[in-house]
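Working notes, beginning with the structure itself.
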Amino acid sequence: MKEFVLYTGCTTPVRLPAYEAAVTVVLEKLGVRLIPMKDVNCCGAQYIESLSHTAFAAMSGRILAIAESMDRDILAICGACSGSLKAVKHDLDSNKVLRAEVNELLADEGLKYTGTVEVKHLLQIFNEDIGYDAIKAAIVKPYHGVRLAAHYGCHVTRPPEIVHVDDPENPVIIDTIIEAAGATPVDYVGKTRCCGGPMLAMDEEVANKIGLDKIKNIRDEKADGIVTACVFCDIQLTQVQFGDMAGDEPKIPVLTLPQFLGPAMGINFDSLGIQLNKIDPQAILQEM
Amino acid sequence: MTEKKQAALIVGGGVAGMQAALDIASQGFKVYLVERTPSIGGRMAQIDKTFPTLDCSACILTPKLSEVAHHKNITLLTYSEVGTVTGKSGDFRVRVRRKARFVKEDLCAGCGDCAAECPVEIPNEFDMNLGFRKAIYVGFPQATPNVYTVDKENCIDCGRCLKVCQRNAIDLEMKDKTMDLHVGAIIVATGFELFDVSQYPRLGYGHYANVIHAMEFERIINAAGPTHGHLVRLSDGKKPHSIGFIQCVGARDVQKGVPYCSRVCCMYSIKNAVMALEHYPDAEVWVYYADIRAFGKGFEEFYEMAKKRFGVKFVRGRVAEVMEGKNTGNLVVKVEDTESSKVRLIEHDMVVISPGVIPSEGMHTMATKMGIEQTDDGYVQIDHSFFGPILTKVPGVFVCGCADGPKDIPDSVSAGSAAAMKATIILSKGGV
């Protein structure tokens with residue numbers, strides 16, 4: 001059985017615990033065991049990154065160093081976290097001065113970054129470590145006639161030369177998995193655009209506009225639901241449907257990728273945290 | 001003029017290679033002109049009009065095609081490829097593979113009886129796969145030599161063409177042949193390819209029917225093209241009332257490995273914008289550009305004319321995304337107008353992407369055979385930026401046209417003549 005340390009990031013445990021639960025059970029069933037990380041910090045994405053690059057590198061560097069001490073590669077399930085960890089790893093591997101600086105800070109705790117661990121996003125685990133054939137083989141209750149829109153998340157696939165997940169302009173991993181589980185992936189305008197989430201703190205109106213634009217484009221394709229691979233995108237695409245600007249249209253359920261896959265693999269809804277979803281996905285899950 | 005026994009090889013039968021061939025042959029030397037496709041003419045034959053004079057491209061090219069075909073010192077080796085190259089300046093041995101065209105060149109009169117009878121229809125490469133040709137075909141009416149070719153990959157061996165050919169020119173059992181040439185100089189004139197714009201999924205090419213690229217536009221507006229010159233949308237055959245041209249796609253983009261400017265896209269797009277308005281004076285035509293590079297003779301004036309007399313609207317900004325409207329097939333272009341710093345959404349019936357120019361397919365193989373160097377961008381490395389623009393790093397091997405970098409037609413012709421001059425200096429010294 002393959003093993004990874006699971007870096008959940010800050011947002012998942014607090015705002016979307018079902019994502020973590022679903023990832024753990026689904027991957028376990030597909031032969032990947034996740035080991036929790038203790039005493040890890042925020043990756044520093046965007047907020048710290050915009051203030052001090054060294055502090056940012058030290059924060060993500062610490063996570064990488066802890067994974068090294070556990071001798072396992074990292075699975076990051078949040079788009080921003082996987083992006084930060086990969087970007088910082090890239091930095092530390094190519095910039096000796098920065099690495100020395102970060103290691104000096106880490107030495108206080110007896111940690112050291114040497115560059116031995118890899119960082120993977122959830123989509124890579126499905127694509128590279130498990131494979132579509134194994135996913136297909138694990139499907140016991142395939143979906144029928146459900147149309148689903150994939151949302152990948154900006155930091156999951158960009159910048160491609162550093163993250164190596166999928167083609168950022170024409171991503172296929174979620175769509176392939178949707179198909180493998182018997183559902184129909186639908187294309188929509190602006191599929192690879194941002195969800196608007198990161199703008200929430202600065203300009204809520206703009207953030208909501210971006211998010212609702214996405215929902216409208218998905219609705220135009222008559223999709224029954226949205227499948228995500230980033231905690232922040234999932235939260236944003238859900239919350240935006242409850243705002244004042246949302247209107248009266250019926251809400252489109254948003255599912256994280258493991259929550260979508262789990263039921264088709266015969267995993268019960270409870271272990272996937274389905275009841276915690278703000279928009280009830282029963283309409284989708286009944287079509288099996 | 002005295003006949004000379006020295007010979008030159010020219011690889012590539014586009015306008016640059018043709019010019020080089022004519023200039024060498026007219027000095028009494030022998031020329032072998034090798035062309036990969038069944039006809040000479042190259043890209044210029046596909047273009048509808050030229051810039052900045054709006055000449056009919058075929059009208060100025062066709063006399064050249066005939067001149068090359070009828071020149072007694074030029075041996076035309078179409079549907080052929082260069083195999084091995086050995087030797088040195090003044091004394092090259094070149095093996096040429098003559099692909100079987102399954103029609104005897106000396107017997108075929110180009111009457112077309114065979115194609116009329118052929119039951120197989122295939123998208124025509126010459127029309128950018130928009131029109132159709134038969135499995136026995138000439139790509140275009142002025143194809144030179146005017147000899148048919150059987151596309152064996154698609155031929156069903158029904159033999160109907162054999163029955164109607166009155167000159168018994170068709171031989172479906174024909175085999176590839178090799179030919180050994182002894183030449184004093186070689187000119188590489190292998191031209192260019194267009195960047196594959198489907199590598200920009202956000203611009204919708206290959207995804208939305210009404211997003212086409214510039215070479216497809218050339219064929220659509222061409223009277224001999226698949227729509228007989230009617231400018232229509234591919235989705236529903238309707239006349240477009242609003243057309244947007246998108247510049248710098250597959251050019252000046254480090255991320256796609258094409259950091260350089262393709263030099264011709266600004267002008268060919270302004271020309272195409274003007275041509276669209278020549279077809280439909282009431283249409284609205286927009287050009288989205290990074291900056292307009294109208295550097296050549298008469299170019300800036302042409303650009304001004306497009307703006308002032310024709311009313312082409314120019315928006316400075318690189319297009320972010322092209323979206324297709326629901327059910328209409330119309331397209332919405334999202335662009336930041338960098339002159340007003342506003343993001344704009346502009347609807348069009350048709351979008352034409354202007355692809356950049358990249359080295360021709362097989363350039364690396366060719367360069368390896370010849371022993372010539374390539375630049376980081378994949379073009380032929382020239383010997384000296386100022387005093388050797390048509391010299392390669394190998395003595396006796398010269399380069400012209402787009403093989404060493406993007407060029408417009410006049411520059412390609414100049415380079416062809418220049419390469420011919422350098423080649424004949426070697427030939428004049430005797431040797432072969």
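The values are calculated or read from the model by the stated rules, or taken from the named source; none is laboratory data. Everything numeric here is computed off the predicted structure, so don't read it as measured data. All Cβ positions, even for glycine, are placed from backbone atoms using ideal geometry, and neighbour counts span all protein chains on display.
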Check B:Ile212 against each of (1) in a strand (DSSP E or B); (2) within 14 Å of chain A (Cβ to nearest Cβ) and name the one condition it does not meet. (2)
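Give the residue, chosen from A:Glu109, A:Glu128, that is surrounded by fewer than 18 Cβ atoms within 10 Å (Cβ to Cβ), more than 14 Å from chain B (Cβ to nearest Cβ) and part of a helix (DSSP H, G or I).
Values: A:Glu109 fails: part of a helix (DSSP H, G or I).
It is A:Glu128.
Return yes or no: is B:Ala306 crowded, with 18+ Cβ neighbours inside 10 Å and either assigned by TED's automatic domain parsing to the domain that holds B:Gln247 or in contact (Cβ under 8 Å) with a residue 40 or more places away in the chain (or both)? Can you show your working first?
Details: crowded, with 18+ Cβ neighbours inside 10 Å: yes; either assigned by TED's automatic domain parsing to the domain that holds B:Gln247 or in contact (Cβ under 8 Å) with a residue 40 or more places away in the chain (or both): yes.
Yes.
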Do we find a residue being within 14 Å of another protein chain (Cβ to nearest Cβ), outside any loop (DSSP other than H, G, I, E, B) and farther than 18 Å from B:Ile47 by Cβ anywhere in region B:255-274? yes
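Which count do you get for residues in region B:168-209 that are of a type outside the set (A, V, I, L, M, F, W, C) and within 14 Å of chain A (Cβ to nearest Cβ)?
The first filter runs over region B:168-209 and keeps only residues of a type outside the set (A, V, I, L, M, F, W, C), leaving B:168, B:171, B:173, B:175-178, B:180, B:182, B:184, B:190-191, B:193, B:196, B:198-202, B:204-208.
Narrowing further to those that are within 14 Å of chain A (Cβ to nearest Cβ): B:196, B:198-202, B:204-208.
Total meeting the criteria: 11.
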Of the residues A:Val172, A:Val165, A:Val206, which single one is under 27 Å from A:Ile135 (Cα atoms) and touching a helix residue (DSSP H, G or I) at 6+ places or on another chain (Cβ under 8 Å)? A:Val165
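If I go through region A:184-211 residue by residue, how many of them are closer than 30 Å to A:Ala138 by Cα and either within 12 Å of chain B (Cβ to nearest Cβ) or under 20 Å from the mean Cα position of the chain (by Cα) (or both)? Before you say what the answer is, go through the steps one by one.
Applying the first criterion (closer than 30 Å to A:Ala138 by Cα) to region A:184-211 yields A:184-188, A:191-192.
Within this subset, residues satisfying the condition of being either within 12 Å of chain B (Cβ to nearest Cβ) or under 20 Å from the mean Cα position of the chain (by Cα) (or both) are A:185-188, A:191-192.
Final tally of qualifying residues: 6.
Would you kindly identify the strands (runs of 3 or more DSSP E) lying entirely within region B:58-130 that contain at least 1 residues that are in the same structural domain as B:Gly28 (by TED's automatic domain parsing)? Before you say what the answer is, go through the steps one by one.
Values: elements: B:74-77, B:80-88, B:91-98, B:121-123.
The strands (runs of 3 or more DSSP E) meeting that bar are B:74-77, B:80-88, B:91-98.
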Here are A:Glu179, A:Glu161, A:Glu221: which of them is among the charged types (D, E, K, R), farther than 19 Å from A:Ile252 by Cβ and within 14 Å of chain B (Cβ to nearest Cβ)? A:Glu161
Does A:Lys141 count as within 16 Å of the chain's Cα centre (by Cα), away from chain B (no Cβ under 14 Å) and of a type in the set (D, E, K, R)? no
Restricting region B:311-327 to residues that are away from chain A (no Cβ under 13 Å) and surrounded by fewer than 18 Cβ atoms within 10 Å (Cβ to Cβ), the one farthest from A:Asp213 (Cα to Cα) turns out to be B:Gly311
